[in-house]
Amino acid sequence: MNTYDLVIIGGGPAGLAAAASAKENGIEHILILERDKELGGILNQCIHNGFGLHTFKEELTGPEYASRFIKKVKNLQIPYKLNTMVMDVSPDKTVTAMNRTDGMFQIQAKAIILAMGCRERARGALNIPGYRPAGIFSAGTAQRLVNIEGYMPGKEVVILGSGDIGLIMARRMTLEGAKVKVVAELMPYSGGLKRNIVQCLNDFDIPLKLSHTVVDIEGKKRVEAVTIAEVGPDKKPIPGTEERYTCDTLLLSCGLIPENELSKNAGILLNPVTSGPVVSDNLETNIEGIFACGNVLHVHDVVDYVSEEAASAGKNAASYIKNGKKNSKKTVTIYPTDGVRYTVPSSIHPEEMADSLTVRFRVGDVYKNCTIATYFDNELISKKKRPVMAPGEMEEIRLEKDILNSYPHLSTITIKIEEA
Amino acid sequence: MEKKELTCIGCPLGCSITVTLEQGEVTNVTGNTCKRGDIYARKEVTNPTRIVTSSVKVTGGTSAMVSVKTKEDIPKSKIFDCTAALKDVTVTAPVKIGDIILENAAGTGIPFIATKNVDAAG
Amino acid sequence: MYDVAIIGAGVIGCAIARELSRYEINACVIEREEDVCCGTSKANSAIIHAGFDATPGTLKAKLNVKGNAMMDDLSRDLDIPFKRNGSLVVCTKEQNPEYLHTLLKKGEENGVPGLEILNKFEAKKLEPNLADDVIAALYAPTGGIVCPFHFTIALAENAFANGISFFLNNKVEKIDKKDSCYEITTDKQTFTAKAVVNAAGVYADTISAMASKENIHITARKGEYLLLDKSAGTHVNHTIFNLPGKMGKGVLVTPTIHGNLLVGPTAVDTEDKDGTNTTEKGLNSLSATAALSVKDLPMHQVITSFAGLRAHEEGGDFILREADDTPLFFEAAGIESPGLSSAPAIGVMMAELIKDRLHLEKKPDFIATRKGILNPTALTLAERNELIRQQPAYGNIVCRCEMITEGEILDAIHRPLGARSLDGVKRRTRAGMGRCQSGFCSPRTMEILARELPLAMTEITKCGPKSEIALGHNKEI
């Protein structure tokens, strides 16, 4: 069996940044396993611009952003295998993978970084009634068809869900000649960035209907019409508010789910809120030597933060490979409450933590003029004022090592949203 | 006097901004909560611009399509013209990021450039 | 001129075709859809009933028990997955347990082996997730689960291998009785045959009326289902039924042969015989009804919902006979539940009827077995690597949820009566049937279909003509 110091599962933005960071932190034998025919992951089909402002101080398209990291990985001479599907990860860090040329093979790794990304929520999970004809696509599948293959999935389009992919596809389909009739959003607010609402919908006079959902799909062979209706506070359709749109296509942009089937089989504990692994401050899962980063850990809104998080995972994995497991005497639990849905990480080892740790999370509703309050046990430590917070945008706070360690009896850090 | 309503894209707050114009000149901006909103609104009502992204066919490459963008912002009113200008454009692999795909898109003076590397097949 | 033309390539048409192919015969199957198994056969509970439910003496009772007993040999011969997982009809404290005894008695009369009434504790021991209100259950060890797609497709492939012709995309519009034959006109062509078999499912009354005055009346009875992710697949291990109601056997909860969990069906009569749409009301009702028999169902794990139409005939029993007024016009109509379970026996019964009337002779070289699509996960690592060395497509995973390789998809396309559409590939290989519901693999499968058939990408369909997926090139629509 081949052995590697570090196997990275996934060659998208998370995997690439993790690999580069691990190598820069002194790890030699790294292997990236990527299931697609090229590195870069989903960025390859995200041909719109708006990536990288944080990292590179310039606006790049998805493929350009990916290419910067691909170049880095190639310059660092980190080996990778394309067209390779990981079939299994075992708790003792044996990775089973398969491709056309090597067949099915196993690798023993000292450490593993999970960077598999996420997938889109499908129609079935949304319980949309109606027929099941051709013409129903998740927004990402449509994006791949248009941007990678060059084919139009439809001419007259209704979009359910105002996540960023849905908004981006509304513009993309419009520019390629389709008519996007409406974007319906179940929630009373959009899950997408303001910028995308303006530049993808308003620029093209595409209506956005908040608190609306699809209640019927017509068409036995191909979509012929879609009916949307307003929903009440209980998210149930309000009878009498139905509007029927003739169309040939329904795109779904209704959320992303971290893709953790491999993790589950390996016995990795998942957080039911994020559907991603539960990790401590060094992004390590409950299985020693297995780390997670990027959208497999929790769905990000900005790729720059994926790269940043993945670089930490790479560094931490390198430290584990070189120094072995740290004997943490103390663990502090982070408790998200009052509007804070979850945190990554969910626990901290104050003795070994980085000097400054970013804790990322999402809120459960739209909050205006509120603060993010941090408590060490019952003592209020900090308040961060935020004019607006929304579920679509990730929030963060920073925790400093020296402050944490000045509270020797600290057991729980509570993070909550409070009125300003 | 003319009034234009905008949504600021600077942050999730999405301020509703009202811009007052007189003979094409901005005389007043209200509704914004920060300076960035003011700058955005003035630009957006007098000279709105966008980067246009699209993809064009590649022959002889490892991919069927290559993604492209306008090298700089183009006037918002020219978005459709720029996309339409790509309709019959086909490039031959290899293509490198930054390669000019189409000079002077729709008379804007701005070229479309490749945003992805596509190697030659085989 | 054909000896026999079978109208309908569902499980019944295909079972009859396969049984007829044991004889020296020139027969064909005519199907309006682009593939076999496109009607009732593709959307049902996917179970092989033990046979205790039907009224003793009916065709339903007789053929269910006989069909069930045939499944071990048949599944082996046709290389299809089949498992006797056993079934439980549960009685809750609001219901009358006497009914279980009535069912037991009916079952014993029907010849169902091994039936047993379990008390609450025995039942709970078998199935810990039974609802707390369950007080007793009827256990039927011979109940089973099967893949209805593989079952129907295997019957069709085996019939094809034995010389039966299949004409897909042919919708029968007219049947004319000539002096010594029938003339069957479809939207594509005209067939002549000495005998006709009507196995047209919910349309069996329409087809029957083209040739006979027998006045069959089929009502389409819609059944909606929810399919749950494989991670919920062991929530129960047996097929769990509510006590039967007037409109059918009630809502069941069952593992599927592929390891998912299936909940359904509803039962609502519908005017539209193509009305396979799900409804908000129907889907919402399922979880409540299922919870009567099984607790803690993880409904957030639903990956898809679908609806099928049962062909309910007013008489209540299967109609399997030569039409009284029309010689050599055979009816196989009103095949609702337990139709899938009875299909093997219906095939035999109908083939015997036809054989006697056409004086058919047994074929010496009948091929009784059929090989399914190779399942690489059934191989050892060494075998699998040897396969990949010879055919690298088996090293390429196309469907990440179900881990289906390109090799399996190529097999599905290139075998006799092979897949021509995304649904065709899906039903043969399961590519696209997993939790992402083809979001990942559909563009890849489209490319493979386009390359292999070969067709333009814009000609690739979900399920036959008019269900094209890509409508044109960028900027050209």
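Just the residues that are under 22 Å from the mean Cα position of the chain (by Cα) and either within 19 Å of A:Ser346 (Cβ to Cβ) or part of a strand (DSSP E or B) (or both), please, taken from the range A:392-415.
A:Met394, A:Glu395, A:Glu396, A:Ile397, A:Arg398, A:Ile415
Which one of these is without any contact (Cβ under 8 Å) to a residue 60 or more places away in the chain, aliphatic (A, V, I, L, M) and not in a strand (DSSP E or B): C:Ala159, C:Ala204, C:Ala209, C:Ala154?
One residue alone meets the criteria, C:Ala209.
Just give me the residues in the range A:177-198 being facing chain B (nearest Cβ under 8 Å) and out of contact with any strand residue (DSSP E or B) (no Cβ under 6 Å at 6 or more places or on another chain), in sequence order.
A:Leu193, A:Lys194, A:Arg195, A:Ile197
Pairs please, first residue from the range B:22-35 and away from chain A (no Cβ under 14 Å) and modelled with pLDDT of 90 or more, second anywhere and part of a strand (DSSP E or B) and loosely packed, with under 10 Cβ neighbours inside 10 Å, Cβ atoms under 7 Å, 6+ apart in sequence or on different chains.
Qualifying pairs under 7 Å: none.
Which of the residues spanning the range B:49-91 are more than 9 Å from chain A (Cβ to nearest Cβ), touching an Asp or Glu at 6+ places or on another chain (Cβ under 9 Å) and exposed (fewer than 15 other Cβ atoms within 10 Å of the Cβ)?
Passing the criteria: only B:Lys87.
Any residue at all in the range C:189-207 that's over 19 Å from the mean Cα position of the chain (by Cα) and on the phi > 0 side of the Ramachandran plot?
For the range C:189-207, residues over 19 Å from the mean Cα position of the chain (by Cα) and on the phi > 0 side of the Ramachandran plot: absent.
Could you tell me which of the residues B:Leu13, B:Leu6 is in a strand (DSSP E or B), within 14 Å of another protein chain (Cβ to nearest Cβ), among the hydrophobic types (A, V, I, L, M, F, W, C) and in contact with a helix residue (DSSP H, G or I) (Cβ under 9 Å, 6 or more places away or on another chain)?
The conditions single out B:Leu6.
Quick one: is A:Val273 of a type in the set (A, V, I, L, M, F, W, C) and under 19 Å from A:Ile415 (Cα atoms)?
The answer is yes for A:Val273.
So which residues in the range C:447-468 are at the interface with chain A (Cβ under 8 Å from one of its Cβ atoms) and not acidic (Asp, Glu), if there are any at all?
The answer is C:Met457, C:Thr458, C:Thr461, C:Lys462, C:Cys463, C:Gly464, C:Pro465, C:Lys466, C:Ser467.
Of these, A:Tyr320, A:Tyr305, which one is outside any loop (DSSP other than H, G, I, E, B) and more than 14 Å from the chain's Cα centre (by Cα)?
Just a single option satisfies the conditions, and that option is A:Tyr320.
Among strands (runs of 3 or more DSSP E) lying entirely in the range C:241-345, which contain 3 or more residues that are in the same structural domain as C:Glu94 (by TED's automatic domain parsing) and in contact (Cβ under 8 Å) with a residue 12 or more places away in the chain?
Correct list: C:252-255, C:261-264, C:268-270, C:302-313.
Could you pull out the residue among B:Asn117, B:Asn32 that is touching a Phe, Trp or Tyr at 6+ places or on another chain (Cβ under 9 Å), surrounded by 15 or more Cβ atoms within 10 Å (Cβ to Cβ) and polar (S, T, N, Q)?
Result: B:Asn32 is the single residue among B:Asn117, B:Asn32 that is touching a Phe, Trp or Tyr at 6+ places or on another chain (Cβ under 9 Å), surrounded by 15 or more Cβ atoms within 10 Å (Cβ to Cβ) and polar (S, T, N, Q).
Considering only residues that are more than 8 Å from every other protein chain (Cβ to nearest Cβ) and at pLDDT below 95, which ones fall in the range A:55-91?
The answer is A:Thr55, A:Phe56, A:Lys57, A:Glu58.
Quick one: which of C:Ile218, C:Ile207, C:Ile319 is modelled with pLDDT of 95 or more and more than 30 Å from C:Thr102 (Cβ to Cβ)?
Just one listed residue meets the conditions, C:Ile207.
What is the residue count in the range A:218-252 for residues that are among the β-branched types (Val, Ile, Thr) and closer than 23 Å to A:Ile168 by Cβ?
Going through the range A:218-252 one residue at a time, the tally reaches 4.
Restricting the range A:118-128 to residues that are more than 7 Å from every other protein chain (Cβ to nearest Cβ) and assigned to a loop (DSSP other than H, G, I, E, B), which is farthest from the chain's Cα centre (by Cα)?
A:Ile128
Name the single residue that is nearest to the other protein chains (Cβ to nearest Cβ) among those in the range C:389-400 being over 19 Å from A:Glu261 (Cα atoms) and within 32 Å of the chain's Cα centre (by Cα).
Here the answer is C:Gly395.
Counting just the residues of the range A:104-117 that are part of a loop (DSSP other than H, G, I, E, B) and within 14 Å of another protein chain (Cβ to nearest Cβ), which one comes out nearest to A:Ile290 (Cα to Cα)?
A:Met116
Of the residues C:Gly432, C:Gly418, C:Gly439, which single one is of a type in the set (Gly, Ala, Ser), more than 13 Å from every other protein chain (Cβ to nearest Cβ) and under 25 Å from A:Met85 (Cβ atoms)?
Of C:Gly432, C:Gly418, C:Gly439, the one residue that is of a type in the set (Gly, Ala, Ser), more than 13 Å from every other protein chain (Cβ to nearest Cβ) and under 25 Å from A:Met85 (Cβ atoms) is C:Gly418.
Considering only residues of the range C:348-388 that are of a type in the set (D, E, K, R) and at the interface with chain A (Cβ under 10 Å from one of its Cβ atoms), which is nearest to A:Thr141 (Cα to Cα)?
Looking at the filtered set, the residue picked out is C:Arg384.
With surrounded by fewer than 17 Cβ atoms within 10 Å (Cβ to Cβ) and either polar (S, T, N, Q) or farther than 24 Å from A:Ser253 by Cα (or both) as the only criterion, which of A:Lys401, A:Lys326 stands out?
A:Lys326
Name the residue that is surrounded by the fewest Cβ atoms within 10 Å (Cβ to Cβ), counting only residues in the range A:176-192 that are within 30 Å of B:Lys57 (Cα to Cα) and of a type in the set (A, V, I, L, M).
A:Val182
Before we move on, is A:Thr94 closer than 23 Å to A:Glu28 by Cβ, within 14 Å of chain C (Cβ to nearest Cβ) and surrounded by 20 or more Cβ atoms within 10 Å (Cβ to Cβ)?
No, not satisfied.
Output the residues belonging to the range C:362-410 that are part of a loop (DSSP other than H, G, I, E, B) and of a type in the set (A, V, I, L, M, F, W, C).
Across the range C:362-410, the qualifying residues are C:Phe366, C:Ile367, C:Ala368, C:Ile373, C:Leu374, C:Leu379, C:Cys401, C:Met403.
Can you find even one residue in the range A:158-176 that is in a strand (DSSP E or B) and facing chain C (nearest Cβ under 8 Å)?
The answer is no; no qualifying residue exists.
Can you name every residue in the range A:129-157 that is part of a loop (DSSP other than H, G, I, E, B) and either within 7 Å of chain C (Cβ to nearest Cβ) or at pLDDT below 95 (or both)?
A:Pro129, A:Tyr131, A:Arg132, A:Pro133, A:Gly150, A:Pro153, A:Gly154, A:Lys155
Per-residue answers, yes or no, for (1) of a type in the set (Gly, Ala, Ser); (2) surrounded by fewer than 24 Cβ atoms within 10 Å (Cβ to Cβ); (3) within 11 Å of another protein chain (Cβ to nearest Cβ); (4) over 20 Å from the mean Cα position of the chain (by Cα):
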{"site": "A:Asp5", "(1), (2), (3), (4)": "no, yes, no, yes"}
{"site": "A:Ala19", "(1), (2), (3), (4)": "yes, no, no, no"}
{"site": "A:Glu28", "(1), (2), (3), (4)": "no, yes, no, yes"}
{"site": "A:Ile47", "(1), (2), (3), (4)": "no, no, yes, no"}
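The values are calculated or read from the model by the stated rules, or taken from the named source; none is laboratory data. For clarity, every value in this text was computed on a predicted model and none was experimentally measured. We place every Cβ from the backbone using ideal geometry, glycine too, and count neighbours over all the protein chains shown.
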